[in-house]
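Novice: What follows is a structure written as structure tokens; I'll ask about it next.
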Amino acid sequence: MSASKELPDWFPYVAEDVLRCCRPEPGLWVDLGCGTGGLGLALARASNSTILLIDPNADALAEAGEKARAAGLDGRIVPIVACAEQIPLPDGSVEAVASRGSIFFWNDPPEGLREVYRILRKGARAMIGGGLGSSYPRWARDEFYRRRNADVQAGGAEAIRKWEGPRRPEWMEAQARAAGLRDSLIEPTPPHLWLLFEKGES
Ligand SMILES: C[S@@+](CC[C@H](N)C(=O)[O-])C[C@H]1O[C@@H](n2cnc3c(N)ncnc32)[C@H](O)[C@@H]1O
């Protein structure tokens, strides 16, 4: 396979998992640590809900806004510059939170998870973690990880340690425990590195 062969877009596959696992009511949904909005836009395409795109990087959000305009989705996309650790939304205000590939970069992952829990409406779910979607084609997954591992290896031992350290199910579970979310987790969690949890009574 040529190294430059373009891989299929993984965001629709991740969005499919979010919809299947979270079964969100229509309303306000969040893509947290959205970057340029790939997952949020895929969720917008697959629903009639309004997607709040949250990220501390204003430039990435501006690019997400451009993509939303080009796709005619800007009426249902709301960019918000903020961090997971301090989400500027009221308690119980959203129907779902999805976050792909971001928790590994948060300053305080347990605090971010507590914030996610706080903004969920009772009975609503969040899916936080990383991956390409459970039905992403096998050949493309293998090629994605081959390329990514080559990039990480090229960065040397420190880069490998920083990359691999948090990208383990044990690390994810430790963050959920530290956030006090152990009892809210829904098992089995989706494949790969995801936490799926539901807002309970408190
Ligand atoms: C690897 S990118 C992933 C972007 C996108 N979710 C995706 O799947 O392509 C990580 C994102 O997390 C964001 N991020 C970093 N620290 C954060 C924090 N404390 N709270 C929320 N997002 C954060 C970064 O700005 C960046 O956009």
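Novice: Can you name the condition, by its number, that S49 falls short on among (1) within 15 Å of the ligand (Cβ to nearest atom); (2) surrounded by 16 or more Cβ atoms within 10 Å (Cβ to Cβ)?
Specialist: Condition not satisfied by S49: (1).
Novice: I would also like to ask the following. Helices (runs of 4 or more DSSP H) wholly in segment 99-202 with at least 1 residues that are under 28 Å from G27 (Cβ atoms) and touching a Ser or Thr at 6+ places or on another chain (Cβ under 6 Å) - which ones?
Specialist: Details: elements: 109-119, 138-154, 157-164, 169-178.
Correct list: 109-119.
Novice: Among residues belonging to segment 105-122 that are of a type outside the set (A, V, I, L, M), within 13 Å of the ligand (Cβ to nearest atom) and in contact with a strand residue (DSSP E or B) (Cβ under 8 Å, 6 or more places away or on another chain), point out the one that is farthest from V94 (Cα to Cα).
Specialist: N107
Novice: For the condition under 26 Å from P166 (Cα atoms) and assigned to a strand (DSSP E or B), what is the one hit in V18, V30?
Specialist: Numbers: V18 fails: assigned to a strand (DSSP E or B).
V30 is the lone residue from the list that is under 26 Å from P166 (Cα atoms) and assigned to a strand (DSSP E or B).
Novice: Okay, next question. Only one of these conditions is not met by A157: (1) within 17 Å of G38 (Cα to Cα); (2) modelled with pLDDT under 95; (3) out of contact with any strand residue (DSSP E or B) (no Cβ under 8 Å at 6 or more places or on another chain). Which number is it?
Specialist: Result: A157 passes all but (1).
Novice: Could you count how many residues in segment 165-188 are closer than 19 Å to R23 by Cβ and surrounded by fewer than 20 Cβ atoms within 10 Å (Cβ to Cβ)?
Specialist: So the count comes out to 4.
Novice: I would also like to ask the following. Keeping to segment 57-82, report how many residues are within 15 Å of the ligand (Cβ to nearest atom) and not in a helix (DSSP H, G or I).
Specialist: The qualifying residues number 6.
Novice: Moving on to the next point. Identify the residue in segment 83-102 that is surrounded by fewer than 16 Cβ atoms within 10 Å (Cβ to Cβ) and in contact (Cβ under 8 Å) with a residue 12 or more places away in the chain and, among all such residues, is farthest from the ligand (Cβ to nearest atom). Full working, then the answer.
Specialist: Going through segment 83-102, the residues surrounded by fewer than 16 Cβ atoms within 10 Å (Cβ to Cβ) turn out to be 86, 88, 90-92.
After this cut, where a residue has to be in contact (Cβ under 8 Å) with a residue 12 or more places away in the chain as well, the list is 86, 90-92.
Values: Q86: 9, P90: 18, D91: 19, G92: 20 Å.
Here the residue is G92.
The values are calculated or read from the model by the stated rules, or taken from the named source; none is laboratory data. Since the structure is predicted, the reported quantities are computational estimates derived from the model, not experimental observations. Heads up, the Cβs are rebuilt from the backbone with ideal geometry, glycines too, and the neighbour counts pull from every protein chain shown.
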